[in-house]
Amino acid sequence: MHRVRKFIEVGSGRIGYAMTEAALSEVSNGAKWNQDPSFSVADALLADPEFASVLKTVLKDGHVVIPATKAKGK
């Protein structure tokens, strides 16, 4: 299934959004990412309409990584 998924980087707490874990590992020097199975794009958009800009970047570039300090609010 092809959809945007949310991942949390083990150790750093950064949050990544991508279609596959492999896309995030490539930009993070092989870091380990755990998928958040409860993530829903629709719920994220309803909770924060500004998430649309994150979604647009994921669809254009294949991934987005948010630093841990900013990730706490997402």
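The values are calculated or read from the model by the stated rules, or taken from the named source; none is laboratory data. The model shown is predicted, which means the values in this text are computed figures rather than measured ones. Positions of Cβ are generated from backbone atoms using ideal geometry, with glycine treated the same way; all protein chains shown enter the neighbour counts. Accessible surface is based on the protein model in full, side chains and every heavy atom, while ligands, DNA and RNA are left aside. Shrake-Rupley method; radii C 1.70, N 1.55, O 1.52, S 1.80 Å.
In this structure the chain gives 64 Å² per residue of accessible area when probed at 1.4 Å with all protein chains present. Calculated FRET efficiency, SER12 to LEU46, Cβ-Cβ distance, R0 = 25 Å: about 0.35 to the nearest 0.05.
Split the accessible area of the chain by element, probe 1.4 Å, and carbon with sulfur accounts for 56%. In percent, rounded to a whole number, the relative contact order of the chain is 38, using alpha-carbon pairs under 8 Å and six or more apart.
Each Lys and Arg contributes +1 and each Asp and Glu -1, all at the Cβ; summed about the Cα centre of the chain, the dipole is approximately 60 debye. For the range 6-72, applying the loop criterion from DSSP together with a ceiling of 16 other beta carbons within 10 Å to the trypsin sites (Lys or Arg not before Pro) yields LYS32, LYS72. All alpha carbon pair distances within the chain were sorted into 5 Å bins beginning at 0; the resulting P(r) in whole percents reads 3, 17, 29, 30, 15, 4, 0. Relative to the longest principal axis of the Cα atoms of the chain, helix 51-61 runs at roughly 50 degrees. Between SER28, SER38, SER53, the Gaussian network model of the chain with springs among Cα atoms under 10 angstrom shows the greatest mean-square fluctuation at SER38.
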